[in-house]
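Take this structure, written in structure tokens, and hold onto it; I'll ask about it next.
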Amino acid sequence: MLQPGRFSALPAYWEKTADWLDDHAAQSRALVVPATAHGLYAWGSPIDQPLDVLAESRWAQRDFVPFGTAGSRRAMDAVEQALLSGGEVPGLRDFLARAGLHEVVVRNDLDPDQIGYVPPQTVARTLEASGYRKAAGFGPLMTGGRIAAGTPVQVQGLFPRRQAVEIYRPEGVARPGAVAAKPVSATAAVSGGPESLLQLSADPSLADRPTVLTGDRHPGTGTPALQAVGDGMRRADTRFGLVNSSPRTRTPPTNGTRPAA
């Protein structure tokens, strides 16, 4: 018995997306947004992402079950929250470049009925206001929502339409290269979490500087001359379940759910 969300083949525009990344972004890593918990698309439910089987170039996304370290998850969560703003996010380009991410692949063909759905126009506004420009687009125009049967043509025209997949590039930011050593004297120490680097990346004094978190052990760095304090890593209880908007409640040290650190 066929399950809901069945499909006969991956859309051809995803194959074109993978080919474009192989041709234009093979030396860096692309970020695929917005996050989706279960791989639910308007054309079907592959569960795994199309680029899993189509792309030979490197790419990353915020998974529902995050792989890697807690720091990686916090950094990816910061990006997803930034994309929800619909406005300028200072430091976004440099923050992603610091993580080795250059192109941003926006999937506008996600199922709009799923919980946590992010409107494509919101993501596009955030990227464009933050210094990104569209480099390529593939697939048919999509509304980013379902238009009910019988909707007047005049009303249908109010729905914004974007191509199924759009690829953005940052302006004024060099493509991340290979990992390289930098002088210890240029190191900056950041008090906060990995997400604190998003806002701090907008500060010119942090540009091109390697950074370490004060809570981590980094032998040989000594006491960096540049110290920055962010508001991340605050005590909180997180309720997991949504890929891009898990509620997080700040808790005081006297909270009885767990002993104070």
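The values are calculated or read from the model by the stated rules, or taken from the named source; none is laboratory data. Nothing here was measured: the structure is a model prediction, and the numbers come from that model. Neighbour counts run over all protein chains shown; Cβ positions are idealised from the backbone, glycine included.
If you go through region 154-181 one residue at a time, how many are closer than 26 Å to residue 41 by Cα, modelled with pLDDT under 85 and β-branched (Val, Ile, Thr)?
Total satisfying the criteria: 1.
Evaluate region 61-76: report whether one residue or more is outside any helix (DSSP H, G or I) and over 26 Å from residue 215 (Cβ atoms).
Scanning region 61-76, I find at least one residue that is outside any helix (DSSP H, G or I) and over 26 Å from residue 215 (Cβ atoms), so the answer is yes.
Now a separate question. Any residue in region 57-79 that's farther than 26 Å from residue 19 by Cα and polar (S, T, N, Q): show its pairings with residues that are part of a loop (DSSP other than H, G, I, E, B) and at pLDDT 80 or above at Cβ separation under 7 Å, as long as the two are six or more apart or on different chains.
Nothing qualifies.
For region 131-141, which residues satisfy the criterion of being surrounded by fewer than 22 Cβ atoms within 10 Å (Cβ to Cβ) and closer than 25 Å to residue 58 by Cβ?
Of everything in region 131-141, those that are surrounded by fewer than 22 Cβ atoms within 10 Å (Cβ to Cβ) and closer than 25 Å to residue 58 by Cβ turn out to be 131, 133, 134, 135, 136, 137, 138, 139.
What pairs can you find where one residue is in region 179-190 and farther than 11 Å from residue 228 by Cβ, the other is assigned to a loop (DSSP other than H, G, I, E, B) and polar (S, T, N, Q), and their Cβ atoms are less than 6 Å apart, with a gap of 6+ or different chains?
Listed by first residue and then by second, the contacts come to 184/221; 187/221.
Here's a follow-up. Select, from 123, 106, 53, the only residue that is part of a helix (DSSP H, G or I), of a type outside the set (Ser, Thr, Tyr) and crowded, with 16+ Cβ neighbours inside 10 Å.
Within the list 123, 106, 53, the selection yields 123.
Then there is this: Filter region 77-100 down to the residues that are in contact with a strand residue (DSSP E or B) (Cβ under 6 Å, 6 or more places away or on another chain) and assigned to a loop (DSSP other than H, G, I, E, B) and list them by number.
Across region 77-100, the qualifying residue is only 100.
What number of residues within region 191-205 are free of Cβ contacts under 8 Å to residues at least 60 places away in the same chain and either surrounded by fewer than 19 Cβ atoms within 10 Å (Cβ to Cβ) or assigned to a strand (DSSP E or B) (or both)?
Count: 3.
What are the pairs with Cβ atoms under 7 angstrom where one residue, in region 218-235, is touching a residue at least 12 places away in the same chain (Cβ under 8 Å) and the other, located anywhere, is aromatic (Phe, Trp, Tyr) and part of a strand (DSSP E or B)? Sequence gap at least six, or different chains.
As it stands, the answer is none, since no pair meets every condition given.
Check off (1) touching a helix residue (DSSP H, G or I) at 6+ places or on another chain (Cβ under 9 Å); (2) part of a helix (DSSP H, G or I); (3) not basic (Lys, Arg) for residue 128 and give me the number that stays unchecked.
(1)
Hey, another quick one. Please go through region 11-41 and give me each residue that is at pLDDT below 90 and closer than 23 Å to residue 122 by Cα, ordered by number.
The answer is 35, 36, 37, 38, 39, 40.
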